[in-house]
């Protein structure tokens, strides 16, 4: 199913390839990706602008990165000191009113050199997707295989939206093994958005919730 549907989400933009000992710039946006509508930082929903950005190094160590606000995004940077797969992660439970808690997640991976050390660290969120290969080169008309994850495990019925460079999106649902696949037909950057809404009771900042909406984003480049 392909349609022109878009929704607000948080996402991370950074080059997918890095160079050892060379500073890498990271930008975090909030808005409607498909429409290229970027909300000014002061207008972000609830307290989403108070997110925490973590860097997971190839050895699994985690470092909180300092972020600086600009007009419509936050900017951070890091310098990889060794080769391997680095993962950037945001997982933020927004303050809310009512019975539904909203969780915004975003992730990005940076491959430095040819080492695959660290590819197992590409999760770290309650919901998300993992790709068939951390260092794959994605090409037009070649399938991209994903696994939908919920609380670290492959999960069925994860809603997956794939936003293309042409402004269209594809709506998919993970199978019993969490698997989902799509074939890109345009070159450019695609955003993958996984989401799940389900009954779940708990409390956040003294406010009780009965349902949770989780969303996670990840960008890939198709050549």
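Just so it is clear, none of the values below were taken in a lab; they were calculated from the coordinates. As the structure is a prediction and not an experimental result, all values here were calculated from the model. Neighbour counts are summed over all protein chains in view; Cβ atoms, including those assigned to glycine, are modelled from backbone coordinates with ideal geometry.
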antiparallel share of DSSP beta bridges within the range 2-222, to nearest 5, in %, is 90 percent
Where a ≥ b ≥ c are the square roots of the eigenvalues of the C-alpha gyration tensor, would you call the range 64-190 rounded, which needs a/c under 1.5, or, failing that, prolate if a/b is larger than b/c, or oblate? rounded
What percent does the relative contact order of the chain come to when contacts are Cα pairs within less than 8 Å and at least six residues apart? 21 percent
So what is log10(I(q)/I(0)) for the range 147-223 at q = 0.11 1/Å, when the Debye sum runs over its Cα atoms only? -0.35
On a C-alpha basis, how far is the centre of the range 20-77 from the centre of the range 173-208 in Å? Whole number, if you could? 19 Å
For residue 177 and residue 141, extending 7 Å from Cα along the Cα-Cβ vector and measuring point to point gives, in nm, a value of 2.7 nm
Full-extension gain in nm, residue 187 to residue 38, via 0.36 nm per residue minus C-alpha separation: 51.4 nm
Between residue 63 and residue 46, what is 0.36 nm times their sequence separation minus the Cα-Cα distance? Round to one decimal in nm. 3.6 nm
Highest mean packing first, using Cβ neighbours within 10 angstrom, the peptides 160-167, 67-74 sort as 160-167, 67-74
Return the single residue from 105, 121, 141 with maximal mean-square fluctuation; model: Gaussian network over the chain, springs between Cα atoms under 10 Å. 141
Sorted peptide list for 36-45, 189-198, 148-157, criterion being average Cβ within 10 angstrom, highest first: 189-198, 148-157, 36-45
Would you calculate the convex hull of the Cα atoms in the range 2-222 and tell me its volume per residue in Å³? 122 Å³
Relative contact order (percent) for the range 12-114, with alpha-carbon contacts under 8 angstrom and 6 or more residues of separation? 34 percent
